1. Output the number of residues of region 33-47 satisfying the condition of being part of a helix (DSSP H, G or I) and either in contact with a Cys (Cβ under 7 Å, 6 or more places away or on another chain) or under 18 Å from A63 (Cβ atoms) (or both).
2. Is it the case that some residue within region 70-93 is exposed (fewer than 10 other Cβ atoms within 10 Å of the Cβ), free of Cβ contacts under 8 Å to residues at least 60 places away in the same chain and part of a loop (DSSP other than H, G, I, E, B)?
3. Regarding region 48-59, can at least one residue be identified that is out of contact with any strand residue (DSSP E or B) (no Cβ under 8 Å at 6 or more places or on another chain), part of a helix (DSSP H, G or I) and at pLDDT below 90?
4. If the Cβ limit is 6 Å and pairs must be 6+ apart or interchain, which residue in region 10-26 that is loosely packed, with under 10 Cβ neighbours inside 10 Å pairs with which residue that is not in a helix (DSSP H, G or I)?
Amino acid sequence: MLERKLKDKIFTVFCIGSVILALVPLLSMLYTIIFRGFSVISIDFLTRLPTPVGTPGGGFGNAIQGSIITSGIASIIGIPLGVLSGMYLAEYKKSSFSKLVSFTADVLTGVPSIILPIF
């Protein structure tokens with residue numbers, strides 16, 4: 001019994017030490033991002049175009065615009081398709097096509113969102 005408690009204490013100390021060891025670089029990066037990064041962010045930085053490599057200044061307006069356009073196109077395609085698929089499944093539960101639609105929805109539910117754009 002005493003040996004088990006000793007092993008438990010050693011393992012607990014090891015786990016706490018591992019968490020602290022992992023948190024040190026994470027907190028260091030977070031500190032750097034917050035205190036050095038937020039001073040750079042401005043409306044000008046968010047809307048300007050990128051400059052060539054080595055040239056100071058610039059921003060990432062292209063990235064924001066591209067993300068908005070991509071999300072908009074995906075919403076225009078995905079929202080009506082999702083609503084119509086849901087309506088179809090609610091009305092025609094027993095058809096063979098509804099089983100395919102339901103299976104596809106179940107598969108896509110289980111796929112991580114970062115993998116989804118590949119398909």
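1. Summing the residues that are part of a helix (DSSP H, G or I) and either in contact with a Cys (Cβ under 7 Å, 6 or more places away or on another chain) or under 18 Å from A63 (Cβ atoms) (or both) in region 33-47 gives 7.
2. no
3. So far as region 48-59 goes, no, none of its residues is out of contact with any strand residue (DSSP E or B) (no Cβ under 8 Å at 6 or more places or on another chain), part of a helix (DSSP H, G or I) and at pLDDT below 90.
4. Close Cβ pairs satisfying both conditions: none exist.
The values are calculated or read from the model by the stated rules, or taken from the named source; none is laboratory data. Here the structure is a predicted model, which means the values were calculated and not measured. Backbone-built Cβ (ideal geometry, glycine too); neighbour counts: all protein chains shown.
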